[in-house]
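First comes the structure, then the notes that go with it.
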Amino acid sequence: MFLRRLPPFEYHSPASVAKALSLLTKLGNKARVIAGGTDLLLAMKKRAVVPVYLVNIKGIKALKGISYNNKQGLKIGALVTCAELERSLLIKEKAPALWDAAYVMASPQVRTLATIGGNLCSAVPSADTAPPLIAMGAEAVIAGPKGERVVKVEKLFKGPAESKVGRNEILLYILVPKQPERSGNAYLKLMRRAALDLALVGVAACVSLEADGKTCKDVRIALGAVAPTPMRAPMAEALLSKNEITADLAEQAGKVAGTICSPITDVRASQGYRCSMVEVLTKRAVMEAFARATNGTSTK
């Protein structure tokens, strides 16, 4: 692949969200927000995107940090890097599926730069953080000229490489609600290599159990890299809900999930192979989430 030098651009580095929003409103569609730059700079070198202005939000302290309280749940700043997610004991304890995703993303060098906000706003179908956040019912808080608004991560994607964060808006932080008692969640990713690769298929599952510790009270299954945007698998969820979770039932749910996705065929994998792997990974993700629920991993 032939990459050229970066095209010329005017650089801005606002110190606050208010100043960044003012700049984006003033500069219009010729401006792009940059944080880690792992996607944007590559696109610029390919000339797929040629912004006249870059607005670097990396220095805005209000967009950083990970915190938790019992009322709000997890609050993850848009500038939190994937490496920070991977190192965070709070993420590993309260949102293990998100930790699973951070652990298998890209390379250590890229994880040090790439941000959770950038991973979501880039809106690529294979974004690793999207399925876990969707399965856990997370919300994105977005600031714009008219104030703040809240969007379910499940509804954040309009299409490939197109999110609902406008050009004059900034993703502030992600809210992951406190997960129910007796619940567990997990994310599994299929790659051609053991690391440094995009997802061929990604599946996240979040399972909460009744008091008996066996019957599924609620379940959410999210699929990545198998449709133009990350998607839920409601028919598979319905099969599991209110029933005792077993390996056989999880396998049936996987087969259902494999019939509702619409992956492409490309140089990395065929449509048929991806669909069959959705079946396998859905079963495994559900059983892993079930195991974590029975062990109390995500309810401390």
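The values are calculated or read from the model by the stated rules, or taken from the named source; none is laboratory data. Just so we're clear, the structure is a prediction, and the values are computed from it rather than from any experiment. Positions of Cβ are backbone-derived with ideal geometry, glycine not excepted, and every protein chain shown enters the neighbour counts.
Laid out as a table, the results:
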read-out: Verdict on LYS64 being among the charged types (D, E, K, R), touching a residue at least 12 places away in the same chain (Cβ under 8 Å) and either under 13 Å from THR115 (Cα atoms) or in contact with a helix residue (DSSP H, G or I) (Cβ under 8 Å, 6 or more places away or on another chain) (or both); value: yes
read-out: Count of segment 108-118 residues which are over 15 Å from LYS58 (Cα atoms) and either of a type in the set (Ser, Thr, Tyr) or not in a helix (DSSP H, G or I) (or both); value: 0
read-out: 3 or more residues in contact with a Gly (Cβ under 9 Å, 6 or more places away or on another chain) and modelled with pLDDT under 95: qualifying helices (runs of 4 or more DSSP H) within segment 1-107; value: none
read-out: Among (1) at pLDDT 95 or above; (2) not in a helix (DSSP H, G or I) - the single one SER262 does not satisfy; value: (1)
read-out: VAL286 at negative phi, within 20 Å of the chain's Cα centre (by Cα) and surrounded by 16 or more Cβ atoms within 10 Å (Cβ to Cβ); value: yes
read-out: Tally, over segment 127-145, of residues that are buried (at least 22 other Cβ atoms within 10 Å of the Cβ), among the small types (Gly, Ala, Ser) and in a loop (DSSP other than H, G, I, E, B); value: 2
read-out: ARG274 being crowded, with 22+ Cβ neighbours inside 10 Å, out of contact with any helix residue (DSSP H, G or I) (no Cβ under 7 Å at 6 or more places or on another chain) and among the basic types (Lys, Arg); value: yes
read-out: Among (1) touching a residue at least 12 places away in the same chain (Cβ under 8 Å); (2) within 27 Å of ALA285 (Cα to Cα) - the single one LEU89 does not satisfy; value: (1)
